[in-house]
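The values are calculated or read from the model by the stated rules, or taken from the named source; none is laboratory data. Just so you know, these numbers come straight off a predicted model, no measurement behind them. A quick note on method: Cβ atoms are made from the backbone with ideal geometry, for glycine too, and the neighbour counts reach across all protein chains shown.
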Amino acid sequence: MKLYFVRHGKTVWNLERRFQGMTGDSPLLEESYEQTAILGDYLADTEFKKVIVSPSKRAQDTAKGIIEKNKNPLIIETDKRLYEWKLGNLEGREIEKVTEQFPEQIYAFRNNPAEFDGSIFGAENVSQVITRVKEVVDDLATDPTISPNDNILIVSHGATLTSSIQSLIGTPNDQLRKDGILSNSSLTIVDVKNPDNIELIEWNKIVY
């Protein structure tokens, strides 16, 4: 089973450098719809068994832009476990101002999430984020209706996907950001041979 992970397109808050998180949800920029359409063209011939998306509008709009280009009929399923990292009272705040106030914690969040203490902000810790995404993958891997040759499209968020995918392929928690954060409208593909054997095929591919 191959999982095609896509980070949603760039949003207004991405441009303004604000934390979005689980409940913050700003609209996609116009350029993002164009980039998503290009990604949709790139994936047009890929036959997906399922399309599973974060409930956030920015993720759903990204998914719609991809599947409307696909040659196969697809239905979007939403899953709350694919929400962006819950950031509590950081959501909506400007990244630079928060960094001035909490330099060590924001450095940890952006460079070594294992050292980020979410309780300070009413936020999740990295283990909670990784656990919920892994549950989605485990459910898919044990779903009797899904065969080893099936493709699944998953549209979610930068912080959530970066840490979770790295963890899935066996990266230690203190190195989850070793390859940086996934770009907006990027594609990352993994091959799930079984829940404990997941191979990275493509990381952070940009097609626009």
Subject >> Lone unmet requirement of (1) crowded, with 19+ Cβ neighbours inside 10 Å; (2) assigned to a loop (DSSP other than H, G, I, E, B); (3) in contact with a helix residue (DSSP H, G or I) (Cβ under 6 Å, 6 or more places away or on another chain) for LYS86 >> reply: (3)
Original post:
Of the residues that sit in region 175-196 and are out of contact with any strand residue (DSSP E or B) (no Cβ under 9 Å at 6 or more places or on another chain) and modelled with pLDDT under 95, which one is surrounded by the most Cβ atoms within 10 Å (Cβ to Cβ)?
Top reply: PRO195
**OP:** Report, by residue number, each residue of region 120-162 that is surrounded by fewer than 17 Cβ atoms within 10 Å (Cβ to Cβ) and of a type in the set (A, V, I, L, M, F, W, C).
**Re:** ILE120
**OP:** Working carefully through the options ILE146, ILE130, ILE201, find the one that is in contact (Cβ under 8 Å) with a residue 24 or more places away in the chain, of a type in the set (Val, Ile, Thr) and assigned to a strand (DSSP E or B).
**Re:** ILE201
Original post:
For region 1-42, how many residues meet the condition of being farther than 17 Å from LEU187 by Cβ and among the aromatic types (Phe, Trp, Tyr)?
Top reply: 2
Original post:
Taking into account only those residues within region 133-143 that are of a type in the set (D, E, K, R) and part of a helix (DSSP H, G or I), which is nearest to the chain's Cα centre (by Cα)?
Top reply: LYS134
